[in-house]
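For reference, the structure discussed in these notes is given below.
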Amino acid sequence: MPIDATQPYDADNIFAKILRGEIPNDTVYEDDHVLAFNDINPQAPTHVLVIPKGDYVSWDDFSARASDSEIAHFVRTVGAIARKLGLVEPGYRLLANIGGHGHQEVGHLHVHLFGGKPLGPMLAKGL
């Protein structure tokens with residue numbers, strides 16, 4: 001069920017539990033500020049979730065409250081992970097869902113990194 005991205009951060013969301021080590025994950029990358037792991041329900045041969053370790057509800061929340069260095073580090077890390085996974089050529093997709101219309105299901109900023117096959121069009125035509 002989509003969440004309201006304007007609500008306060010819920011420290012009991014699944015990604016917060018993963019960050020606390022309460023739920024295991026298949027880690028692809030980790031540093032002091034970012035965790036990336038394979039999605040448990042992959043939608044492509046490569047489907048990695050990249051999350052900041054801070055308590056940010058959505059991309060909007062992150063862009064409004066995170067420091068410039070946190071934002072730069074997160075963006076650069078997403079790119080580094082794509083390069084590490086060999087996705088730059090032939091290409092990949094990044095997706096961050098925000099709020100109800102964006103169909104955000106977990107109230108913790110996360111970027112989906114998809115690759116490993118042709119992904120097709122993003123949205124249906126005629127919307």
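From the list 87, 119, 94, the lone residue that is out of contact with any Pro (no Cβ under 8 Å at 6 or more places or on another chain), part of a strand (DSSP E or B) and surrounded by 12 or more Cβ atoms within 10 Å (Cβ to Cβ) is 94. Restricting attention to segment 11-46, the residues that are buried (at least 17 other Cβ atoms within 10 Å of the Cβ), under 22 Å from residue 117 (Cα atoms) and not β-branched (Val, Ile, Thr) total 4.
Residues being under 14 Å from the mean Cα position of the chain (by Cα) and in a strand (DSSP E or B) are represented in segment 9-28 by at least one member. Could you look through segment 97-116, keep only residues that are assigned to a loop (DSSP other than H, G, I, E, B) and of a type in the set (Gly, Ala, Ser), and pick out the one that is nearest to residue 10 (Cα to Cα)? Per the stated criteria, the residue is 107.
Search segment 37-58 for residues being of a type in the set (A, V, I, L, M, F, W, C) and closer than 11 Å to residue 15 by Cα, and hand back the single one that is farthest from the chain's Cα centre (by Cα).
Going through the qualifying residues, I end up with 57.
Within the bounds of segment 102-112, is there any residue that is farther than 16 Å from residue 3 by Cα, touching a residue at least 40 places away in the same chain (Cβ under 8 Å) and of a type outside the set (S, T, N, Q)? Yes, that holds for at least one residue. Checking 53, 84 one by one, the residue that is basic (Lys, Arg), in contact with an Asp or Glu (Cβ under 8 Å, 6 or more places away or on another chain) and at pLDDT 95 or above is 53 and no other. Of the residues making up segment 62-113, those that are farther than 22 Å from residue 19 by Cβ and among the hydrophobic types (A, V, I, L, M, F, W, C) are 87, 88. The residues listed here are 81, 51; of these, the one that is assigned to a helix (DSSP H, G or I), surrounded by 13 or more Cβ atoms within 10 Å (Cβ to Cβ) and β-branched (Val, Ile, Thr) is 81.
Hey, among 8, 52, which residue is in contact with a helix residue (DSSP H, G or I) (Cβ under 6 Å, 6 or more places away or on another chain) and farther than 24 Å from residue 121 by Cα?
After applying the criteria, what remains is 52.
The values are calculated or read from the model by the stated rules, or taken from the named source; none is laboratory data. This one's a predicted model, so the numbers in the text were calculated from it and none came from an experiment. Cβ atoms come from the backbone with ideal geometry, glycine included; neighbour counts cover every protein chain shown.
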